[in-house]
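What follows is a single structure, written as structure tokens, with notes after it.
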There are 2 protein chains.
Amino acid sequence: MSDLEAALVYAKDHQTDFLEEFLSFLRIPSISTLPDHKDDMHQAADWIANRLQSSGFESVAVMPTTGHPVVYGEWMKAGKDTPTILFYGHYDVQPPDPLELWISEPFVPQVRGEDLFARGASDMKGQVVAHLKAVESMLATSSLPVNLKYLIEGEEEIGSPNLGSFISENKDLLSCDLCLNGDSSILAPDVPAITISLRGLAYFEIRIQGAAGDLHSGTFGGAVDNPANVLSKLIAGMRDDHGRITLPGFYDHVRSFSDTERAEMISMPDEWWKEQSGASVLFGEQGYSPTERATVRPTLDVNGMLSGFTGEGSKTVLPAQAMAKISMRLVPDQHPERIKKSLEEYLKTHAPPTVTWELEAMASSPPAIVEHDSSAVHAASRALEAVWGVKPVFQRQGGTVPVVGMVQELLGVDSLMLGFGLPDDNLHAPNEKMHLPNFRRGIETYIRFMFEISL
Amino acid sequence: MSDLEAALVYAKDHQTDFLEEFLSFLRIPSISTLPDHKDDMHQAADWIANRLQSSGFESVAVMPTTGHPVVYGEWMKAGKDTPTILFYGHYDVQPPDPLELWISEPFVPQVRGEDLFARGASDMKGQVVAHLKAVESMLATSSLPVNLKYLIEGEEEIGSPNLGSFISENKDLLSCDLCLNGDSSILAPDVPAITISLRGLAYFEIRIQGAAGDLHSGTFGGAVDNPANVLSKLIAGMRDDHGRITLPGFYDHVRSFSDTERAEMISMPDEWWKEQSGASVLFGEQGYSPTERATVRPTLDVNGMLSGFTGEGSKTVLPAQAMAKISMRLVPDQHPERIKKSLEEYLKTHAPPTVTWELEAMASSPPAIVEHDSSAVHAASRALEAVWGVKPVFQRQGGTVPVVGMVQELLGVDSLMLGFGLPDDNLHAPNEKMHLPNFRRGIETYIRFMFEISL
């Protein structure tokens, strides 16, 4: 029996134990955003560290940050000529509110049919446990075919405020050849998938100042400009009627795709987008399908807008200020820094002399792409096909996973997104679940992937 | 000695008493917006009713409304062929906050130099007392040359929510030939003025609905439209680059002025507008001075705007809703109802099919004008000139006095705005004051006006 077969047999034989372990991890209410759960955060971090230690990892540490701790572990016995993989995950979960919409308690996991319901089941304790159990299965039967490091943070759900500095301060410790990011999903229970691109993000706050203070719109209306009208006009000018963004140079570095590449991308039908979004009419850049527009084309959206009086009733104020939060989703090879310059240039050209403006760059993350034709993608493909019996599809996701950008920037490595959530897992919502066959297949996939990547 | 002279002599002889009376009225903290001051409201209403009664008014009543009571009184002995004047005023005041900025207590009136400092001194207890004392001076010495009714409300500072229905329910009681509205001001201590026009108001809330609920801007950005972007575009399209409003038919009923009329209007210099507004650059409809734009030309301003996430930091939401409060200041002969139709038509034409919209008409008031060449304006002019020694200027104000519109609509009469506040009286602000020479001249002016209007 090969090492691979031995590990797979072990995993199969321990399915009940693994589920029990998963349940015990889900019972820890590790809600990163709530200060009351500080002890739970430490308990969840310790839970992972203990599993790594008992599996045979050499250095395991719960490392402090300004916020919640990071779990680090490494197993480096595969030798210098063998790749080093960094597994990224997070042990924190979203708050469970609104509680009344949960069928069973969020932190009392319940199996109903083939699904396991609990907060964090899919996002992403399921993946963390699956990988830990893959590691256990291999180390209990032989050894790991690759060097492996673990980086499990406790602040993903609050925007990873301390992860960047943690990685910066521990570059040597975390150095690796590839990051395996388990915070991902597949398309359907029988449709395995690899995420090969993510959009980046450039998020800004624009603040427009008119007069020194709020004015009476009767006394001054008509004599002075109104920053809310000005802001509306500025926003209106950022996009044309065909959904194309008009900031100078905005599309300069956008990678284009050949017709063959476009044909290969999975495109969901319009009806699917309408159903998922609840929008009765779709809208976006002309010449592209909704899926293309939401994954491989950049966007510009107002995320928030505030000016003047917004309570009930009517107040005749001529506001002194107006604010908008505006963000762009970026695609290869756009870069947040260049986009900021482009927005600044637009504002310099178009903001009238009747107002002053400030632009604050907030969250930003470069877009990420894993080359289709890379050893990581090939290894993941073979692993998924062996488990699922069908070739995986290649997903391009519209969202941003900031850690992917950080890892690229600070450690200089690509991330392979390989996780086993499903689109209907109710992430960040009541009745979050993990599809249990995916959990089991996930363990097998991670085992196979580690063998495949070592080839 | 004529009746007029006798009244003027009485007023002069009683200056000290009148000031004492003014002080006693100012000591009542009749803050309409604060429920704790309910008793004070009744006390202030009774204070006026008592003065009317002791002056010799026939029917005086403190009449209940759903909110604070209205003081009504009448003296109808001048005969059927003599005009009936309705004096309008309000006995409520603004809250005094921020208290720490007051030099003396807001409800402990203090004379410093020629000014009397107290909340409500200028807005508008000064005018109410001045008129009461004018009436006392005439009735104590002879009688009134006109029939006189009093309508003093207690809810002006909270938007007169019950005045419309009160007037509707008491049309016969309040019937008159002219409303004399004392809630007004003059330009400077030595520059008497009559306000001959006020702008109207049409205030709306526009609500734009995109998808059914808030969406993740990464997952859906690019595939569906964004109601905040749409709203911005709709607002941007309501005004051109030259400050002209582009709603269909918006200017159809705007009265134009001849060059002679325009030359007669007082126009404050640009520097004055900059200083008053705190705006370093002015803006408005091309071809008109700032004063014209703020008084005899209509406007469209955003008063408030809200969508999506407006807290600290960045949240990548694609909002489902966006809202704006938008109001137009109207000039003769625009009408709020027609303006609403114009806005509706604009939205019907320009709102894209990717969103739905709702338009709610909120506060509205027609513009008001007193004909320059009317007996009321002539009478007021003669009265002011006799007291001040110079001809009054004719002011056109940019604000809206809703009661003027109500009186026009419900009683069918014009309002003459004749009050004695000053631009620097700190209305609605700390250290509100009344310039005492204006208070004394106000009494004399009201006496003379009542004689002049009876001619």
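Residues to consider are B:Glu169, B:Glu136; find the one that is under 30 Å from A:Glu312 (Cα atoms), at pLDDT 95 or above and in the same structural domain as B:Val387 (by TED's automatic domain parsing). Don't jump to the end; show me each part of the working.
Values: B:Glu136 fails: under 30 Å from A:Glu312 (Cα atoms).
Unique residue meeting the criteria: B:Glu169.
If A:Leu163 meets every condition in (1) farther than 30 Å from A:Gln53 by Cβ; (2) in contact (Cβ under 8 Å) with a residue 40 or more places away in the chain apart from one, which number is that one?
Of the numbered conditions (1) farther than 30 Å from A:Gln53 by Cβ; (2) in contact (Cβ under 8 Å) with a residue 40 or more places away in the chain, the odd one out for A:Leu163 is (1).
Does the range A:22-76 hold any residues that are in a strand (DSSP E or B) and of a type outside the set (A, V, I, L, M, F, W, C), and which are they? Spell out how you get there, then give the answer.
Residues of the range A:22-76 in a strand (DSSP E or B): A:31, A:59-63, A:70-75.
Correct list: A:Ser59, A:Tyr72, A:Gly73, A:Glu74.
Filter the range A:346-399 down to residues that are among the polar types (S, T, N, Q) and more than 22 Å from A:Arg293 (Cα to Cα), then give me how many there are. It would help to see each step written out before you state the result.
To start, the set of residues in the range A:346-399 that are among the polar types (S, T, N, Q) comprises A:349, A:354, A:356, A:364-365, A:374-375, A:381, A:395, A:397.
Those left that are additionally more than 22 Å from A:Arg293 (Cα to Cα): A:349, A:354, A:356, A:374-375, A:381.
Adding up the residues that qualify gives 6.
Looking at (1) part of a helix (DSSP H, G or I); (2) under 27 Å from the mean Cα position of the chain (by Cα), which one does B:Ser232 not meet, given that it meets all the others?
In the conditions (1) part of a helix (DSSP H, G or I); (2) under 27 Å from the mean Cα position of the chain (by Cα), B:Ser232 misses (2) alone.
In the range B:300-317, what count of residues is obtained for those that are more than 19 Å from A:Asn303 (Cα to Cα) and free of Cβ contacts under 8 Å to residues at least 60 places away in the same chain?
Of the residues in the range B:300-317, 1 are more than 19 Å from A:Asn303 (Cα to Cα) and free of Cβ contacts under 8 Å to residues at least 60 places away in the same chain.
Count, please, the residues in the range A:404-438 that happen to be away from every other protein chain (no Cβ under 14 Å), buried (at least 24 other Cβ atoms within 10 Å of the Cβ) and either out of contact with any helix residue (DSSP H, G or I) (no Cβ under 6 Å at 6 or more places or on another chain) or not in a loop (DSSP other than H, G, I, E, B) (or both).
7
Residue check: is B:Leu144 outside any loop (DSSP other than H, G, I, E, B) and surrounded by 15 or more Cβ atoms within 10 Å (Cβ to Cβ)? Explain how you work it out, then say what you get.
Values: outside any loop (DSSP other than H, G, I, E, B): no; surrounded by 15 or more Cβ atoms within 10 Å (Cβ to Cβ): yes.
So B:Leu144 fails the test.
Inspect the range A:127-141 for any residue being more than 23 Å from A:Tyr10 (Cα to Cα) and part of a helix (DSSP H, G or I) and give the result as yes or no. Show your work before the answer.
Looking only at the range A:127-141, we keep the residues that are more than 23 Å from A:Tyr10 (Cα to Cα), and these are none.
Within the range A:127-141, none of the residues are more than 23 Å from A:Tyr10 (Cα to Cα) and part of a helix (DSSP H, G or I).
If you scan the range B:108-122, which residues turn out to be in contact (Cβ under 8 Å) with a residue 24 or more places away in the chain and not in a strand (DSSP E or B)?
Once the filter is applied, which keeps residues that are in contact (Cβ under 8 Å) with a residue 24 or more places away in the chain and not in a strand (DSSP E or B), the range B:108-122 yields B:Val108, B:Pro109, B:Glu114, B:Ala118, B:Arg119, B:Gly120, B:Ala121, B:Ser122.
Go through the range B:42-61 and count every residue that is of a type in the set (A, V, I, L, M, F, W, C) and out of contact with any strand residue (DSSP E or B) (no Cβ under 6 Å at 6 or more places or on another chain). Talk me through it step by step, then tell me what you get.
Pass one, the range B:42-61, residues of a type in the set (A, V, I, L, M, F, W, C): B:44-45, B:47-49, B:52, B:57, B:60-61.
Keeping just the survivors that are out of contact with any strand residue (DSSP E or B) (no Cβ under 6 Å at 6 or more places or on another chain) gives B:44, B:47.
Of the residues in that region, 2 qualify.
Could you say whether any residue in the range A:329-352 is more than 8 Å from chain B (Cβ to nearest Cβ), buried (at least 20 other Cβ atoms within 10 Å of the Cβ) and assigned to a strand (DSSP E or B)?
Yes, the range A:329-352 has at least one match.
So which residues in the range B:375-392 are in contact with a helix residue (DSSP H, G or I) (Cβ under 9 Å, 6 or more places away or on another chain), surrounded by fewer than 22 Cβ atoms within 10 Å (Cβ to Cβ), of a type outside the set (Lys, Arg) and outside any helix (DSSP H, G or I)?
B:Val390
Return the residues of the range B:300-310 that are at the interface with chain A (Cβ under 7 Å from one of its Cβ atoms) and either more than 26 Å from A:Thr310 (Cα to Cα) or part of a strand (DSSP E or B) (or both); say none if nothing qualifies.
Keep residues of the range B:300-310 that are at the interface with chain A (Cβ under 7 Å from one of its Cβ atoms), which gives B:301-310.
Correct list: B:Asp301, B:Val302, B:Asn303, B:Gly304, B:Met305, B:Leu306, B:Ser307, B:Gly308.
Go through (1) within 7 Å of another protein chain (Cβ to nearest Cβ); (2) of a type in the set (D, E, K, R); (3) more than 24 Å from B:Asp214 (Cβ to Cβ) for A:Arg297 and report which single condition fails.
Of (1) within 7 Å of another protein chain (Cβ to nearest Cβ); (2) of a type in the set (D, E, K, R); (3) more than 24 Å from B:Asp214 (Cβ to Cβ), only one is false for A:Arg297: (3).
For the list (1) more than 7 Å from chain B (Cβ to nearest Cβ); (2) buried (at least 21 other Cβ atoms within 10 Å of the Cβ), I need the number of the one condition that A:Met265 fails.
Among (1) more than 7 Å from chain B (Cβ to nearest Cβ); (2) buried (at least 21 other Cβ atoms within 10 Å of the Cβ), the lone unmet condition for A:Met265 is (2).
Inside the range A:161-225, counting only helices (runs of 4 or more DSSP H) that do not spill past its ends, which hold 1 or more residues that are within 11 Å of chain B (Cβ to nearest Cβ) and in contact with a strand residue (DSSP E or B) (Cβ under 6 Å, 6 or more places away or on another chain)? So that I can check it myself, show each step before the final result.
Working: elements: A:163-169, A:171-174, A:217-220.
Ranges flagged: A:217-220.
Condition first: in contact (Cβ under 8 Å) with a residue 60 or more places away in the chain, loosely packed, with under 14 Cβ neighbours inside 10 Å and among the small types (Gly, Ala, Ser). Now tell me which residues in the range B:213-262 satisfy that.
The answer is B:Gly213, B:Gly249.
The values are calculated or read from the model by the stated rules, or taken from the named source; none is laboratory data. This one's a predicted model, so the numbers in the text were calculated from it and none came from an experiment. Here Cβ is always computed from backbone atoms with ideal geometry, including for glycine, and neighbour counts include all displayed protein chains.
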